[in-house]
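Following: one structure in structure tokens, then a few remarks.
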Amino acid sequence: MSFKYRINTNYEHFKNDLLNIKSIFNDTDNSIHKARNELKIIELNGIKCVVKAFKIPHIINRIAYSYIRDGKAKKSYLNAIKLQKLDVNTPKPIAIIEFFSLGLLKESYFISKYEAYDVTIREVFHHKVENHQEILKQFTKFTYEIHQKGVWHVDYSLGNILITKEDSKYKFSLVDINRMEFKTISANDGLKNFNKFWAKDKNDLVLIAKEYAKLCNYNEEEAIKIVLDEAKILENRVNLKRKLKGK
């Protein structure tokens, strides 16, 4: 089995652990998320890290990720580097390693520095935190600012924005960044980027739409319509999936 890796120049001393990451990962029980991919908190070289192990792709994607386009781990690493250059918060990228069998991508791992946080945006939308309206206002401003920098997070959803309170301000950090585009984003498109937020209260979406419209000098009523229409599409899609699973 062959492998390819990249290490952030600030973390060259991680090479030995990186080359042995499969056994280190398998021997560690501290899993914080396990679905298609698995994340574990692991201390490497005295630094608390998050190691993300990506699910082995199906054969078509194994071929594609080996010869046509970058795999998910590599994209996560490269996108993190781009975000840092744009001064957009994301956990510091440390390294990636990809393992190949018969020339095709098999296992892959992305290592980033663990970033402590208070809540995710999910708790805010579910009204499990105080001052949720102020957080949503600052979150909307953060979203507008990254859109102005050309950052389009394809998986911009409830679990992928970490929040830390800093005095009266809130710091937002992006995770799960392997699917990301860097492009010019119009006001109309920017409003559609809220299309994966499941709101307990539709008034939260109205607040976001108004704040975003204010920031980009967009028609407020049209902004509200776009955000609520996108929320309805999401709701219909989720309900359809639930019905199909029920059958």
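Here, each number is a calculation from the coordinates, and none is a lab measurement. Bear in mind that the values here come from a model prediction, so they are computed numbers and not experimental data. Cβ placement follows ideal geometry from the backbone for every residue including glycine, while neighbour counts extend to all protein chains displayed.
Estimated at 0.36 nm per residue, the fully extended path between VAL206 and LYS169 surpasses their Cα-Cα distance by 11.2 nm. Using +1 at the C-beta of Lys and Arg and -1 at the C-beta of Asp and Glu, which of PHE14, TYR77, ILE97 has the Cα lying farthest in the positive direction of the dipole of segment 2-113? The residue sitting most towards the positive pole is TYR77. Placing +1 on each Lys and Arg Cβ and -1 on each Asp and Glu Cβ, with no other charges, gives the chain a dipole about its Cα centre of roughly 980 debye. The charge dipole of segment 2-113, taken about the Cα centre with unit charges on the Cβ atoms of Lys, Arg (+1) and Asp, Glu (-1), comes to about 420 debye, rounded to the nearest 20. Springs between Cα atoms under 10 Å define the GNM used for the chain, and in it the highest mean-square fluctuation of ALA73, ALA209, ALA116 occurs at ALA116. 3J(HN,Hα) couplings calculated from phi for segment 208-221 with the Karplus curve 6.51 cos²θ - 1.76 cosθ + 1.60 (θ = phi - 60°) are, in sequence order, 4, 4, 5, 5, 5, 4, 5, 5, 10, 6, 10, 4, 5, 5 Hz; Gly and Pro show x.
With contributions of -39500 (n - 2.57) from each DSSP H run of at least four residues, the per-residue ellipticity at 222 nm computed over the chain stands at -13000 deg cm²/dmol.
Can you compute the label reach from HIS127? Point 7 Å from Cα along the Cβ direction, backbone N cut-off under 16 Å, restricted to segment 204-231. 204-208, by backbone N distance to the label point.
Report the one residue of HIS58, ILE226, TYR117 whose Cα lies farthest in the direction of the positive end of the charge dipole of the chain (charges on C-beta: Lys and Arg +1, Asp and Glu -1; origin at the Cα centre). The one lying farthest along the dipole's positive direction is HIS58. Of the cross-linked pairs LYS72/LYS200; LYS55/LYS137; LYS113/LYS225; LYS74/LYS241; LYS128/LYS192; LYS15/LYS72, those separated by over 28 Å at the C-alpha level are LYS72/LYS200; LYS55/LYS137; LYS113/LYS225; LYS74/LYS241. Here the label points at GLU181 and LEU104, each 7 Å from Cα along the C-beta direction, are separated by 2.9 nm in the simple model. For LYS4, a cut-off of 18 angstrom between C-alpha atoms picks up these aspartates and glutamates, skipping any fewer than 8 places away in its own chain: GLU12, ASP17, ASP70, GLU98, GLU107.
Find which of HIS127, ASN195, ASN239 sits farthest along the positive direction of the dipole of the chain, computed with +1 on the beta-carbon of Lys and Arg, -1 on that of Asp and Glu, about the Cα centre. Selected residue: ASN239. Taking Cα centre as origin and charging only the Cβ of basic (Lys, Arg, +1) and acidic (Asp, Glu, -1) residues, the dipole magnitude of segment 119-246 rounds to 520 debye. In order along segment 46-61, phi translates into HN-Hα couplings of x, 10, 6, 10, 10, 10, 10, 9, 7, 4, 4, x, 5, 4, 5, 6 Hz, rounded to whole numbers, per the Karplus curve 6.51 cos²θ - 1.76 cosθ + 1.60 with θ = phi - 60° and x for Gly and Pro.
GNM remark for the chain: springs join alpha carbons under 10 Å apart, and the peak mean-square fluctuation among TYR212, TYR156, TYR11 falls on TYR11.
The Cα center of segment 182-213 and the Cα center of segment 1-20 differ in position by 39 Å.
Here the Gaussian network model covers the chain, with springs between Cα atoms less than 10 Å apart; of ASP204, ASP189, ASP27, ASP27 fluctuates the most.
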